[in-house]
Amino acid sequence: MPLQASGENIPVLALYLSPPPDITLVTRNELLCWDMESGDLVKQMVAHFQRIVEIQSLVVGTDNLVLTSSIDRCIKIWNLDHIFEKERHIDKHSMTIEAISISTTAKIAVVVTRNCIGVWDIMTGKLKFTLSNSGVVTHALVNEKGTYTVAVESSDVLYWDMANRKIVFQEKQADVRQIFLYAKQKMCITVSW
């Protein structure tokens, strides 16, 4: 059964499947939620004032949450079990949020902006602190325990100790396109051109 909203073809930026069998699509600046059993569109809402850049799922206990970030420099936490209720809004960053990485154990979201890494408490929506080595930040991934973040800043791969907010490892690597954690999230792989 095809999913339709207002009879239009909708360019989809991201897809999220949530329990029970529901589906959430992210378009330019909207969230669209369907009931997969009936195929009915149950919610269509403007999620941000500008284009959505990233969506991340976050399941904490029984909460079925989705985080969205946007060019409007904010991230929002949406509870998909109570989608008709008002979303929790996280205050704006000074620049566009380009990526999100989540530690459910530490209950933090690590966000990438061009000038810093923002560390947010996902339960309160408050900015805890920022990390910067005075360069242009392009990537950041927090490990599941929330003990360190690996980042790429101005052609340097950095490991940040989150407790001390200090760099514990730094190495030059130009043109990094992606980073991945592996080996029980104690090491990373970088992909460069």
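Brief remarks on what is shown
- Out of Ile10, Ile23, sole residue that is at pLDDT below 75 and not in a strand (DSSP E or B): Ile10
- Residues of the stretch 122-149 that turn out to be within 15 Å of Arg165 (Cβ to Cβ), in a strand (DSSP E or B) and either of a type in the set (Asp, Glu) or touching a residue at least 40 places away in the same chain (Cβ under 8 Å) (or both), as a count: 3
- In the stretch 156-171, the residues that are of a type in the set (Val, Ile, Thr), surrounded by 13 or more Cβ atoms within 10 Å (Cβ to Cβ) and within 18 Å of Lys145 (Cα to Cα): Ile167
- Of all the listed residues (Ser103, Ser134), the sole one being open to solvent by less than 70 Å² (accessible area, probe 1.4 Å) and closer than 23 Å to Gln178 by Cα is Ser103.
- Qualifying residue in the stretch 76-94 (condition: surrounded by 13 or more Cβ atoms within 10 Å (Cβ to Cβ), of a type outside the set (S, T, N, Q) and either in contact with a His (Cβ under 6 Å, 6 or more places away or on another chain) or modelled with pLDDT of 90 or more (or both)): yes
- Counted residues, the stretch 137-155 - those being among the hydroxyl-bearing types (Ser, Thr, Tyr), surrounded by fewer than 18 Cβ atoms within 10 Å (Cβ to Cβ) and modelled with pLDDT of 95 or more: 1
- Lone unmet requirement of (1) over 13 Å from Ile100 (Cβ atoms); (2) surrounded by 20 or more Cβ atoms within 10 Å (Cβ to Cβ); (3) not hydroxyl-bearing (Ser, Thr, Tyr) for Gln44: (2)
- Yes/no for Ala106 being in contact (Cβ under 8 Å) with a residue 24 or more places away in the chain and either part of a strand (DSSP E or B) or more than 22 Å from Lys76 (Cβ to Cβ) (or both): no
- For the stretch 98-136, the set of residues classified as β-branched (Val, Ile, Thr) and in contact with a Lys or Arg (Cβ under 6 Å, 6 or more places away or on another chain) consists of Thr105, Val119, Ile122, Val136, listed by residue number.
The values are calculated or read from the model by the stated rules, or taken from the named source; none is laboratory data. All of these numbers come straight from a predicted model, not from anything done at the bench. Glycine also receives a Cβ, built like all others from the backbone with ideal geometry; neighbour counts cover every protein chain displayed. Keep in mind that these areas ignore ligands, DNA and RNA; they rest on the heavy atoms of the full protein, side chains included. Shrake-Rupley method; radii C 1.70, N 1.55, O 1.52, S 1.80 Å.
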